[in-house]
Number of protein chains: 2
Amino acid sequence: MTLERPYSRPLKQLNSVGLRPTSQRMIIAKILFDGTDKHVTAEMLHYEVLKSQKKVSLATVYNTLHLFTELGLLREIIVASDCSYFDTNTSNHYHFYHEDTQELIDIHENDIRIDRLPTPPEGSQITRVDVVVKVGKKSR
Amino acid sequence: MTLERPYSRPLKQLNSVGLRPTSQRMIIAKILFDGTDKHVTAEMLHYEVLKSQKKVSLATVYNTLHLFTELGLLREIIVASDCSYFDTNTSNHYHFYHEDTQELIDIHENDIRIDRLPTPPEGSQITRVDVVVKVGKKSR
DNA sequence: GTGTTTGCAAAGTGTTTGCAATTTA
DNA sequence: TAAATTGCAAACACTTTGCAAACAC
(Lines give C-alpha, C1' and ligand atoms only; values in the text may rest on other atoms or scores of the structure.)
Protein backbone atom coordinates (compact mmCIF):
# COMPACT_ATOMS: atom_id res chain seq x y z
CA MET A 1 0.00 0.00 0.00
CA THR A 2 1.23 3.45 -0.88
CA LEU A 3 0.21 5.21 2.28
CA GLU A 4 2.98 7.75 2.01
CA ARG A 5 1.73 9.44 -1.15
CA PRO A 6 -1.90 8.51 -1.43
CA TYR A 7 -2.78 11.23 -3.93
CA SER A 8 0.14 11.42 -6.28
CA ARG A 9 -0.59 8.33 -8.35
CA PRO A 10 -4.30 9.04 -8.92
CA LEU A 11 -3.53 12.64 -9.77
CA LYS A 12 -0.85 11.62 -12.22
CA GLN A 13 -3.18 9.15 -13.84
CA LEU A 14 -5.84 11.79 -14.34
CA ASN A 15 -3.37 14.36 -15.58
CA SER A 16 -1.81 11.88 -17.95
CA VAL A 17 -5.04 11.53 -19.87
CA GLY A 18 -6.08 15.15 -19.54
CA LEU A 19 -9.06 14.68 -17.25
CA ARG A 20 -10.00 17.29 -14.71
CA PRO A 21 -9.29 16.00 -11.23
CA THR A 22 -12.75 16.51 -9.84
CA SER A 23 -13.39 15.27 -6.35
CA GLN A 24 -15.42 12.32 -7.64
CA ARG A 25 -12.70 11.23 -10.02
CA MET A 26 -10.05 11.59 -7.37
CA ILE A 27 -12.01 9.44 -4.97
CA ILE A 28 -12.46 6.80 -7.63
CA ALA A 29 -8.90 6.99 -8.87
CA LYS A 30 -7.57 6.76 -5.34
CA ILE A 31 -9.45 3.53 -4.84
CA LEU A 32 -8.52 2.07 -8.20
CA PHE A 33 -4.91 3.13 -8.50
CA ASP A 34 -3.51 2.34 -5.09
CA GLY A 35 -0.65 0.42 -6.61
CA THR A 36 -2.23 -3.01 -6.51
CA ASP A 37 -4.05 -4.72 -9.35
CA LYS A 38 -7.79 -4.68 -8.95
CA HIS A 39 -10.82 -6.14 -10.64
CA VAL A 40 -13.95 -4.19 -9.95
CA THR A 41 -17.51 -4.03 -11.13
CA ALA A 42 -19.41 -0.76 -11.15
CA GLU A 43 -21.37 -1.89 -8.11
CA MET A 44 -18.28 -2.93 -6.20
CA LEU A 45 -16.56 0.35 -6.91
CA HIS A 46 -19.64 2.32 -5.99
CA TYR A 47 -19.79 0.48 -2.71
CA GLU A 48 -16.12 1.16 -2.01
CA VAL A 49 -16.61 4.83 -2.74
CA LEU A 50 -19.54 5.13 -0.36
CA LYS A 51 -17.60 3.29 2.28
CA SER A 52 -14.56 5.51 2.05
CA GLN A 53 -15.73 9.05 1.50
CA LYS A 54 -18.54 11.24 0.40
CA LYS A 55 -21.12 10.07 -2.06
CA VAL A 56 -20.59 9.60 -5.78
CA SER A 57 -23.59 8.70 -7.87
CA LEU A 58 -23.72 5.33 -9.57
CA ALA A 59 -24.13 7.11 -12.91
CA THR A 60 -20.84 8.88 -12.35
CA VAL A 61 -19.18 5.63 -11.41
CA TYR A 62 -20.30 4.10 -14.69
CA ASN A 63 -19.28 7.18 -16.55
CA THR A 64 -15.88 7.28 -14.98
CA LEU A 65 -15.21 3.60 -15.52
CA HIS A 66 -15.96 3.95 -19.20
CA LEU A 67 -13.99 7.15 -19.51
CA PHE A 68 -10.98 5.54 -17.85
CA THR A 69 -11.34 2.53 -20.11
CA GLU A 70 -11.48 4.62 -23.28
CA LEU A 71 -8.43 6.53 -22.16
CA GLY A 72 -6.50 3.35 -21.48
CA LEU A 73 -6.38 3.54 -17.70
CA LEU A 74 -8.56 0.45 -17.33
CA ARG A 75 -9.41 -2.63 -19.29
CA GLU A 76 -12.88 -4.04 -19.47
CA ILE A 77 -13.29 -7.77 -19.08
CA ILE A 78 -16.41 -9.62 -20.08
CA VAL A 79 -17.00 -12.82 -18.18
CA ALA A 80 -20.72 -12.97 -17.75
CA SER A 81 -23.52 -11.26 -19.57
CA ASP A 82 -24.85 -9.65 -16.44
CA CYS A 83 -21.86 -7.74 -15.20
CA SER A 84 -18.70 -6.14 -16.48
CA TYR A 85 -15.39 -6.15 -14.70
CA PHE A 86 -12.74 -3.49 -15.02
CA ASP A 87 -9.11 -4.31 -14.50
CA THR A 88 -6.51 -1.82 -13.36
CA ASN A 89 -3.81 -3.94 -14.94
CA THR A 90 -3.95 -2.95 -18.58
CA SER A 91 -1.06 -5.08 -19.73
CA ASN A 92 -1.53 -8.30 -21.61
CA HIS A 93 -2.74 -11.03 -19.33
CA TYR A 94 -5.59 -13.44 -18.87
CA HIS A 95 -7.98 -14.49 -16.11
CA PHE A 96 -9.48 -17.20 -14.07
CA TYR A 97 -13.13 -16.69 -13.39
CA HIS A 98 -14.47 -18.53 -10.40
CA GLU A 99 -18.02 -19.49 -11.28
CA ASP A 100 -19.08 -19.99 -7.68
CA THR A 101 -17.66 -16.83 -6.17
CA GLN A 102 -17.74 -14.64 -9.31
CA GLU A 103 -14.15 -13.77 -8.51
CA LEU A 104 -11.74 -12.74 -11.21
CA ILE A 105 -8.11 -13.76 -10.71
CA ASP A 106 -5.08 -12.89 -12.81
CA ILE A 107 -3.24 -15.55 -14.70
CA HIS A 108 0.33 -14.51 -14.99
CA GLU A 109 1.78 -14.14 -18.42
CA ASN A 110 4.17 -17.00 -17.90
CA ASP A 111 1.57 -19.44 -16.74
CA ILE A 112 -0.24 -19.72 -20.01
CA ARG A 113 0.83 -19.54 -23.58
CA ILE A 114 -1.01 -19.32 -26.80
CA ASP A 115 1.03 -20.20 -29.76
CA ARG A 116 -0.11 -20.37 -33.30
CA LEU A 117 -2.61 -17.52 -33.25
CA PRO A 118 -5.05 -17.99 -36.09
CA THR A 119 -5.10 -15.76 -39.14
CA PRO A 120 -8.01 -13.38 -38.83
CA PRO A 121 -10.71 -13.39 -41.51
CA GLU A 122 -10.04 -11.46 -44.73
CA GLY A 123 -9.97 -7.74 -44.24
CA SER A 124 -9.78 -7.86 -40.47
CA GLN A 125 -7.02 -7.66 -37.95
CA ILE A 126 -6.73 -8.88 -34.40
CA THR A 127 -7.39 -6.17 -31.86
CA ARG A 128 -7.24 -8.25 -28.72
CA VAL A 129 -7.22 -11.77 -27.39
CA ASP A 130 -9.36 -12.58 -24.39
CA VAL A 131 -8.84 -15.75 -22.46
CA VAL A 132 -11.02 -16.67 -19.54
CA VAL A 133 -10.35 -19.91 -17.73
CA LYS A 134 -13.51 -20.76 -15.85
CA VAL A 135 -13.07 -22.67 -12.65
CA GLY A 136 -15.44 -24.20 -10.15
CA LYS A 137 -15.23 -25.83 -6.77
CA LYS A 138 -13.19 -28.98 -6.89
CA SER A 139 -15.75 -31.77 -6.87
CA ARG A 140 -14.06 -34.18 -4.53
CA MET B 1 -27.79 -29.19 -46.13
CA THR B 2 -29.77 -32.21 -45.03
CA LEU B 3 -32.82 -31.68 -47.14
CA GLU B 4 -33.57 -35.37 -47.33
CA ARG B 5 -34.35 -35.87 -43.66
CA PRO B 6 -35.16 -32.46 -42.29
CA TYR B 7 -36.86 -33.74 -39.14
CA SER B 8 -34.81 -36.68 -38.01
CA ARG B 9 -31.91 -34.81 -36.53
CA PRO B 10 -33.94 -32.33 -34.48
CA LEU B 11 -36.18 -35.12 -33.22
CA LYS B 12 -33.19 -37.22 -32.25
CA GLN B 13 -31.66 -34.30 -30.43
CA LEU B 14 -34.81 -33.73 -28.42
CA ASN B 15 -35.27 -37.41 -27.67
CA SER B 16 -31.65 -37.78 -26.67
CA VAL B 17 -32.12 -35.36 -23.80
CA GLY B 18 -35.62 -36.47 -22.93
CA LEU B 19 -37.47 -33.34 -23.96
CA ARG B 20 -40.98 -33.54 -25.33
CA PRO B 21 -40.94 -32.66 -28.99
CA THR B 22 -43.47 -29.87 -28.84
CA SER B 23 -44.09 -27.94 -32.00
CA GLN B 24 -42.17 -24.93 -30.70
CA ARG B 25 -39.15 -27.01 -29.80
CA MET B 26 -39.23 -28.79 -33.11
CA ILE B 27 -39.31 -25.52 -35.00
CA ILE B 28 -36.38 -24.23 -33.00
CA ALA B 29 -34.44 -27.48 -33.20
CA LYS B 30 -34.99 -27.67 -36.92
CA ILE B 31 -33.44 -24.26 -37.37
CA LEU B 32 -30.57 -24.90 -35.01
CA PHE B 33 -29.67 -28.46 -35.87
CA ASP B 34 -29.70 -28.45 -39.63
CA GLY B 35 -26.28 -30.03 -39.78
CA THR B 36 -24.28 -26.83 -39.99
CA ASP B 37 -22.65 -25.01 -37.10
CA LYS B 38 -24.52 -21.92 -36.05
CA HIS B 39 -24.07 -19.01 -33.71
CA VAL B 40 -27.33 -17.41 -32.73
CA THR B 41 -28.63 -14.88 -30.28
CA ALA B 42 -32.12 -15.16 -28.85
CA GLU B 43 -33.26 -12.34 -31.09
CA MET B 44 -31.74 -13.85 -34.20
CA LEU B 45 -33.33 -17.19 -33.50
CA HIS B 46 -36.68 -15.63 -32.75
CA TYR B 47 -36.49 -13.80 -36.04
CA GLU B 48 -35.65 -17.00 -37.91
CA VAL B 49 -38.55 -18.77 -36.27
CA LEU B 50 -41.02 -16.08 -37.24
CA LYS B 51 -39.65 -16.06 -40.76
CA SER B 52 -39.98 -19.79 -41.22
CA GLN B 53 -43.16 -20.90 -39.56
CA LYS B 54 -45.77 -20.07 -37.03
CA LYS B 55 -45.04 -17.86 -34.08
CA VAL B 56 -43.05 -18.84 -31.02
CA SER B 57 -42.88 -16.34 -28.20
CA LEU B 58 -39.58 -14.73 -27.34
CA ALA B 59 -39.94 -16.07 -23.81
CA THR B 60 -40.07 -19.59 -25.16
CA VAL B 61 -37.05 -18.94 -27.33
CA TYR B 62 -35.07 -17.87 -24.29
CA ASN B 63 -36.39 -20.77 -22.32
CA THR B 64 -35.53 -23.26 -24.99
CA LEU B 65 -32.05 -21.88 -25.56
CA HIS B 66 -31.26 -22.24 -21.88
CA LEU B 67 -32.82 -25.65 -21.67
CA PHE B 68 -30.79 -26.83 -24.65
CA THR B 69 -27.67 -25.34 -23.12
CA GLU B 70 -28.21 -27.04 -19.76
CA LEU B 71 -28.77 -30.32 -21.52
CA GLY B 72 -25.61 -29.99 -23.55
CA LEU B 73 -27.14 -29.40 -26.95
CA LEU B 74 -25.79 -25.88 -27.12
CA ARG B 75 -22.96 -23.89 -25.70
CA GLU B 76 -23.31 -20.33 -24.53
CA ILE B 77 -20.64 -17.87 -25.55
CA ILE B 78 -20.17 -14.52 -23.87
CA VAL B 79 -18.59 -11.90 -26.05
CA ALA B 80 -20.32 -8.73 -25.07
CA SER B 81 -22.27 -7.80 -22.00
CA ASP B 82 -25.38 -6.97 -23.94
CA CYS B 83 -26.04 -10.18 -25.77
CA SER B 84 -25.41 -13.90 -25.47
CA TYR B 85 -24.57 -16.17 -28.34
CA PHE B 86 -25.40 -19.83 -28.48
CA ASP B 87 -23.28 -22.20 -30.49
CA THR B 88 -24.56 -25.46 -31.96
CA ASN B 89 -21.03 -26.78 -32.01
CA THR B 90 -20.49 -27.97 -28.46
CA SER B 91 -17.04 -29.39 -29.00
CA ASN B 92 -13.94 -27.61 -27.83
CA HIS B 93 -13.15 -24.67 -30.03
CA TYR B 94 -12.67 -20.95 -29.90
CA HIS B 95 -13.95 -17.87 -31.68
CA PHE B 96 -13.22 -14.72 -33.55
CA TYR B 97 -15.53 -11.90 -32.65
CA HIS B 98 -15.79 -9.18 -35.21
CA GLU B 99 -16.27 -5.98 -33.30
CA ASP B 100 -17.72 -4.09 -36.24
CA THR B 101 -20.22 -6.65 -37.44
CA GLN B 102 -20.81 -8.45 -34.12
CA GLU B 103 -20.21 -11.66 -36.02
CA LEU B 104 -18.93 -14.74 -34.29
CA ILE B 105 -16.67 -17.01 -36.33
CA ASP B 106 -15.22 -20.37 -35.41
CA ILE B 107 -11.52 -20.82 -34.99
CA HIS B 108 -10.65 -24.35 -35.85
CA GLU B 109 -8.98 -26.42 -33.22
CA ASN B 110 -5.81 -26.70 -35.25
CA ASP B 111 -5.43 -22.99 -35.83
CA ILE B 112 -4.76 -22.07 -32.24
CA ARG B 113 -3.06 -23.78 -29.40
CA ILE B 114 -2.84 -23.09 -25.75
CA ASP B 115 -0.08 -24.90 -24.04
CA ARG B 116 0.90 -24.64 -20.46
CA LEU B 117 -2.56 -24.16 -18.99
CA PRO B 118 -2.21 -22.56 -15.58
CA THR B 119 -2.87 -24.41 -12.35
CA PRO B 120 -6.23 -23.30 -11.02
CA PRO B 121 -6.41 -21.68 -7.58
CA GLU B 122 -6.44 -23.94 -4.52
CA GLY B 123 -9.61 -25.95 -4.21
CA SER B 124 -10.87 -25.22 -7.69
CA GLN B 125 -10.75 -27.01 -10.97
CA ILE B 126 -10.97 -25.82 -14.54
CA THR B 127 -14.41 -26.23 -16.00
CA ARG B 128 -13.84 -24.55 -19.32
CA VAL B 129 -11.49 -22.35 -21.27
CA ASP B 130 -12.95 -19.54 -23.33
CA VAL B 131 -10.90 -17.81 -25.94
CA VAL B 132 -12.26 -14.92 -27.93
CA VAL B 133 -10.03 -13.30 -30.50
CA LYS B 134 -11.47 -9.88 -31.18
CA VAL B 135 -10.95 -8.52 -34.63
CA GLY B 136 -11.74 -5.25 -36.33
CA LYS B 137 -11.62 -3.81 -39.81
CA LYS B 138 -8.10 -3.76 -41.14
CA SER B 139 -7.00 -0.17 -40.78
CA ARG B 140 -5.20 0.25 -44.06
C1' DG C 1 -56.27 -36.82 -16.43
C1' DT C 2 -51.81 -35.28 -15.01
C1' DG C 3 -47.75 -33.14 -15.41
C1' DT C 4 -45.37 -30.33 -18.89
C1' DT C 5 -45.04 -26.47 -21.76
C1' DT C 6 -46.43 -22.12 -23.63
C1' DG C 7 -47.50 -17.10 -24.12
C1' DC C 8 -48.42 -13.01 -22.27
C1' DA C 9 -47.49 -9.13 -19.79
C1' DA C 10 -45.27 -7.60 -15.87
C1' DA C 11 -41.14 -7.37 -13.34
C1' DG C 12 -36.17 -7.40 -13.03
C1' DT C 13 -31.31 -6.47 -13.99
C1' DG C 14 -27.44 -3.87 -15.12
C1' DT C 15 -26.55 0.12 -17.72
C1' DT C 16 -27.22 4.59 -20.23
C1' DT C 17 -29.15 9.12 -21.00
C1' DG C 18 -31.30 13.95 -20.79
C1' DC C 19 -31.01 17.80 -18.50
C1' DA C 20 -30.71 21.29 -14.89
C1' DA C 21 -27.59 22.42 -11.31
C1' DT C 22 -22.88 22.58 -9.99
C1' DT C 23 -18.04 22.81 -10.42
C1' DT C 24 -13.57 23.63 -12.70
C1' DA C 25 -10.14 26.34 -14.95
C1' DT D 1 -17.82 32.94 -17.67
C1' DA D 2 -17.44 29.12 -20.66
C1' DA D 3 -16.92 24.47 -20.84
C1' DA D 4 -16.83 20.22 -18.32
C1' DT D 5 -18.86 17.39 -14.90
C1' DT D 6 -22.33 15.66 -11.78
C1' DG D 7 -26.71 13.60 -9.95
C1' DC D 8 -31.16 12.44 -10.44
C1' DA D 9 -34.75 10.04 -12.30
C1' DA D 10 -36.44 8.29 -16.32
C1' DA D 11 -35.44 5.42 -20.11
C1' DC D 12 -33.20 1.35 -21.97
C1' DA D 13 -32.11 -3.34 -23.73
C1' DC D 14 -32.06 -7.77 -22.71
C1' DT D 15 -33.71 -11.34 -19.97
C1' DT D 16 -36.60 -13.75 -16.51
C1' DT D 17 -40.85 -14.87 -14.14
C1' DG D 18 -45.80 -15.81 -12.53
C1' DC D 19 -49.62 -17.74 -13.85
C1' DA D 20 -53.58 -19.25 -16.52
C1' DA D 21 -54.54 -21.60 -20.77
C1' DA D 22 -53.05 -25.18 -23.94
C1' DC D 23 -50.77 -29.34 -24.88
C1' DA D 24 -48.35 -34.05 -24.72
C1' DC D 25 -48.44 -38.50 -23.14
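The values are calculated or read from the model by the stated rules, or taken from the named source; none is laboratory data. Please read these numbers as outputs of a predicted model, since none were measured by experiment. Counting neighbours? That spans all protein chains shown, and the Cβs are built from the backbone with ideal geometry, glycine included. Note: areas computed on protein heavy atoms with side chains; ligands, DNA, RNA excluded. Shrake-Rupley method; radii C 1.70, N 1.55, O 1.52, S 1.80 Å.
List of remarks:
- DSSP beta bridges fully contained in chain B are about 75 percent antiparallel.
- Surface share of carbon and sulfur [accessible, 1.4 angstrom probe, percent] for segment A:1-110: 49
- Sequence-distant aspartates and glutamates (8 or more away, or on other chains) whose Cα lies within less than 13 Å of B:Lys137: A:Glu122, B:Glu99, B:Asp100, B:Glu103
- For chain B, built as a Gaussian network whose Cα springs stay under 10 Å, the top-fluctuating residue of B:Leu50, B:Leu65, B:Leu117: B:Leu117
- Stretch gain in nm, segment B:Leu50-B:Arg128, where the contour uses 0.36 nm per residue and the Cα spacing is subtracted: 24.7 nm
- Projecting the Cα atoms of B:Leu104, A:Val56, A:His93 onto the charge dipole of the protein assembly as shown, computed from C-beta unit charges around the Cα centre, puts A:Val56 farthest toward the positive end.
- GNM on chain A, alpha-carbon springs under 10 angstrom: the most fluctuating residue among A:Arg25, A:Arg116, A:Arg75 is A:Arg116.
- Within segment A:20-135: Cβ-based charge dipole about Cα centre, in debye rounded to nearest 20 (Lys, Arg +1; Asp, Glu -1): 640
- The phi torsions of segment B:82-94, fed into the Karplus equation with coefficients 6.51, -1.76 and 1.60 and a -60° offset, translate into couplings of 9, 6, 9, 9, 10, 10, 7, 8, 9, 7, 5, 6, 10 Hz, rounded to whole numbers, with Gly and Pro shown as x.
- Remark: label point of B:Ile105 defined 7 Å out from Cα along the Cα-Cβ vector; separations to the same position in other copies 3.5 nm, ascending.
- Applying 1/(1 + (r/R0)^6) with R0 = 30 Å to the Cβ-Cβ distance of B:Asn92 and A:Asp37 gives a FRET efficiency near 0.50.
- Placing pseudo-labels 7 Å out from each Cα toward the beta carbon at B:Leu117 and A:Asp115 gives an inter-label distance of 1.8 nm.
- Taking B:Val56, B:Val129, B:Val17 in turn, the Gaussian network model of chain B (Cα-Cα springs below 10 Å) assigns the largest fluctuation to B:Val129.
- Probe 1.4 Å, protein heavy atoms only - accessible area per residue of the protein assembly as shown in square angstrom: 57
- Chain A and chain B together bury an accessible surface of about 3300 square angstrom, both sides counted, with a 1.4 Å probe and no ligands or nucleic acids included.
- For segment A:27-33, 3J(HN,Hα) computed residue by residue from phi via the Karplus equation (6.51, -1.76, 1.60; θ = phi - 60°) reads 4, 5, 5, 5, 6, 6, 9 Hz, glycine and proline entered as x.
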